[in-house]
1. I need PHE62, PHE86 ordered by Cβ neighbour count within 10 Å, fewest first.
2. Summing +1 for each Lys or Arg and -1 for each Asp or Glu, what net charge is found among the other residues whose Cβ lies under 11 Å from the Cβ of ASN48?
3. Provide, as a two-decimal number, the C-alpha radius of gyration of the range 49-191 over 2.2 N^0.38 Å, N being how many residues it has.
4. Which value, in debye to the nearest 20, gives the size of the charge dipole of the range 49-191 about its Cα centre, when Lys and Arg are +1 and Asp and Glu are -1 at the Cβ?
5. Ranked highest first by average number of other Cβ atoms within 10 Å, how do 73-83, 195-205, 101-111 line up?
6. What residues have an amide H closer than 5 Å to that of TYR124, excluding those fewer than 5 places away on the same chain, when H is modeled at 1.01 Å from N in the peptide plane?
7. Show the residues, 5+ positions off or on another chain, whose built amide H is closer than 5 Å to the amide H of ALA90.
8. For MET127, MET66, which order do you get if you count the other beta carbons within 10 Å of each Cβ and list the fewest first?
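Derivation of every value follows stated rules applied to the coordinates shown; laboratory data play no part. Computed from a prediction, not measured in an experiment: that's the story for all the values here. Methodologically, a virtual Cβ is constructed for each residue, glycine included, from the backbone with ideal geometry; neighbour enumeration extends over all protein chains shown.
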Amino acid sequence: MAMARGFLVAAALCLALAVPAAMGQAAAPAPKAAAAPAPKAAAAGPPNVTAILEKGGSYSTFIRLMKSTQQDTQLNSQLNGTSTGFTVFAPTDGAFSGLKAGTLNSLSQQDQVSLVQAHIVPRYYSMDAFDTASNPVRTQASGADGPYTLNITATSTDQVNVSTGVVVTTVGNALRADQPLAVYSVDKVLLPYALFGPKPPPSPPPVPSAGKKPSKGDSSASAEAPAGSGGNSAGAAAAGARAAGWVLAALVAAASLL
């Protein structure tokens, strides 16, 4: 009996020690699975000038003009891989409303293309970079006399003015100012000098040369004398000679009778 009791006590002790160990093992947290790497963000594409203008609002006329001349797609294509960037001066709808009625409709399709391109500079300018702009600044537009240009000047009051030679306006807020595209609002349409500047007056027609009057003693004057005038003089001389001969004959006959 004593041995059986001792065996039971030993078994109970072993069981008491084994149960907490087993419970501790069960309570141990399972190892966490390795976190999957986060997907990489897609590379940002080139800026879209139309989307920028639409977000800015109040540029519907300029957007429509860019689309009708396909300058929006051309600029967006050029922005892909450009090393120098671009600067766009975007006239507001109020700027177009200030034009004389029929101004846009009077332009040919090519002139409308040139008008839009005259608002695009093939170089990125931050607002601070305008201080060092080398005038005249070339635009995307060109004509028979070369590229259309702008004069950009910064004032002492941190104001930037843009002139085409026809209009002068102030650069407004930036709709976008990051490389490679800067878009600035302007309150006037940048009318190119080549299209809207004063035209030179037409050349006067050549003056017809006056008829030359014959001078005295001019041989041409004698040539223009009435025909037959020379013949009349010769006839008179011959008649005079005959009369003189008759007179002389009569005197000779009278002398012979004496």
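1. On the way: PHE62 25, PHE86 21.
Listing PHE62, PHE86 from fewest to most nearby Cβ atoms yields PHE86, PHE62.
2. Values: positive: LYS55, ARG176; negative: GLU54, ASP72.
The answer is 0.
3. On the way: Rg = 14.1 Å, N = 143, 2.2 N^0.38 = 14.5 Å.
This ratio for the range 49-191 stands at 0.97.
4. Details: 8 positive and 10 negative charges, 51 e Å.
Rounded to the nearest 20 debye, it is 240 debye.
5. Details: 73-83: 14.3, 195-205: 9.0, 101-111: 11.2.
Order by mean packing, descending: 73-83, 101-111, 195-205.
6. GLY85, PHE86
7. Distant-sequence amide H within range of ALA90: TYR184, SER185, VAL186.
8. On the way: MET127 15, MET66 23.
Ordered from fewest to most neighbouring Cβ atoms within 10 Å, MET127, MET66 come out as MET127, MET66.
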